[in-house]
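Just below is one structure, and these are the notes that go with it.
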Amino acid sequence: MAFAKMFFLFSKFQQGVGVLAKSTTFAKNPRQLQYEADINKLFMFTSYNRLGRDAEEADAEEIIEMAGKATLSEQQKQVQENIHYQLENFCASMDEILLPHNDKTQELKADNVPTADKPSQWFLRQPLKLAEVSKLLKDRIGYTLEVKPSLIPHRDAGQGCFIEGEADVGALLAFYPGVIYPPGYPNVDAQNSYLITRYDGVVINAQPWGRGGESRQVWNGSFTTPEVRTDANVEEVLEMRNPLAFGHFLNHPGKEMDPNVMVCPYDFPLSEKRMRTYIPNVALGDAPVLKTLVLVATRALCNEELMLNYRLSNS
């Protein structure tokens, strides 16, 4: 019964997405058209996800109506809020997994200073392997990711990224990790297959991240490879055991296959120090936000390979 209800509500969202292509308000250049279409879809998908499994038909209809009336900037703002909401839940789950539950933690909380801001938290992280963290995350949020040989019937398919477990449409499935370059930065290798570009021209290079690591690490000044440090007074400490930091392993769909995720630009505010360690990116240059990309489910998913439309033409 619950599944039938969810399917019915989602069909309404799909109908709402279909209306967009016929709208005269989007008669602009192809790149801008695609961007606005994507934001409209993300608005509906992530808002639908935030409603949860107890959503009613009236709730779905309200979001569809809002998507037709809200300005682009209003939709962008709501998408940011929806992704941030999911990110907060993800980070809370990671804290539950990696922060020790002992008397020492309670002692650090005693002076009302957030434990995540304590330098000594560097030493208090649980000594778990990435695979262990991944399994525990799945137990908490219902899914995790695994990199293994792709099922695409092509000799160059290589590795693929698979969801283990189940996720609803609009779920934040993966981060695109790596170094963030500003638009027009001249020293980005165009032959690097781990590059991705946002609509605003920001480029992210995931090659240095690779498959993550087995500890918390900081990135050195070259912005090419991470290094292990035990300095408690560093700023860019990243949790390399992030089970969702595998967006760079997604493949373009093969023949007769459809994409099941889409990219979503997300600007992470660096003022959110508690969550910073779980954002698998560093930026070249100073800015109040990290201009990242996350991957969002475009339908309900269960134990399958994730596929992303690469849109190889910039136009």
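The values are calculated or read from the model by the stated rules, or taken from the named source; none is laboratory data. This is a predicted model, so every value here is computed, not measured. Ideal geometry is used to build each Cβ from the backbone, glycine not excepted, and the neighbour counts take in all protein chains shown. Surface areas here come from the heavy atoms of the whole protein model, side chains and all, with no ligands, DNA or RNA. Shrake-Rupley method; radii C 1.70, N 1.55, O 1.52, S 1.80 Å.
Quick notes on this one:
- Checked against the criterion of being basic (Lys, Arg), over 21 Å from the mean Cα position of the chain (by Cα) and either open to solvent by 20 Å² or more (accessible area, probe 1.4 Å) or at pLDDT below 90 (or both), the candidates LYS135, LYS118 yield just one match: LYS118.
- Residue, farthest from CYS302 (Cα to Cα), within the stretch 128-142, restricted to residues that are touching a residue at least 60 places away in the same chain (Cβ under 8 Å) and not in a helix (DSSP H, G or I): LEU128
- The number of residues in the stretch 277-307 that are outside any loop (DSSP other than H, G, I, E, B), out of contact with any Asp or Glu (no Cβ under 8 Å at 6 or more places or on another chain) and either open to solvent by less than 20 Å² (accessible area, probe 1.4 Å) or free of Cβ contacts under 8 Å to residues at least 12 places away in the same chain (or both) comes to 6.
- When residues in the stretch 163-186 are screened for being part of a loop (DSSP other than H, G, I, E, B), open to solvent by 70 Å² or more (accessible area, probe 1.4 Å) and either of a type in the set (Lys, Arg) or touching a strand residue (DSSP E or B) at 6+ places or on another chain (Cβ under 8 Å) (or both), 2 of them pass.
Yes/no per residue for (1) on the phi < 0 side of the Ramachandran plot; (2) modelled with pLDDT under 95; (3) part of a loop (DSSP other than H, G, I, E, B); (4) in contact with a helix residue (DSSP H, G or I) (Cβ under 8 Å, 6 or more places away or on another chain):
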position	(1), (2), (3), (4)
ILE39	yes, yes, no, yes
GLU62	yes, yes, no, no
ALA67	yes, yes, no, yes
ASN112	no, yes, yes, no
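- Of all residues in the stretch 121-132 being closer than 13 Å to VAL237 by Cα and surrounded by 16 or more Cβ atoms within 10 Å (Cβ to Cβ), the one that is modelled with the highest pLDDT: ARG125
- Meets criteria (touching a Lys or Arg at 6+ places or on another chain (Cβ under 6 Å), closer than 30 Å to LYS41 by Cα and modelled with pLDDT of 90 or more) for VAL202: yes
- Annotation: VAL19 fulfils all but one of (1) open to solvent by 40 Å² or more (accessible area, probe 1.4 Å); (2) of a type outside the set (Ser, Thr, Tyr); (3) at pLDDT 70 or above; (4) assigned to a helix (DSSP H, G or I); the unmet one is (3).
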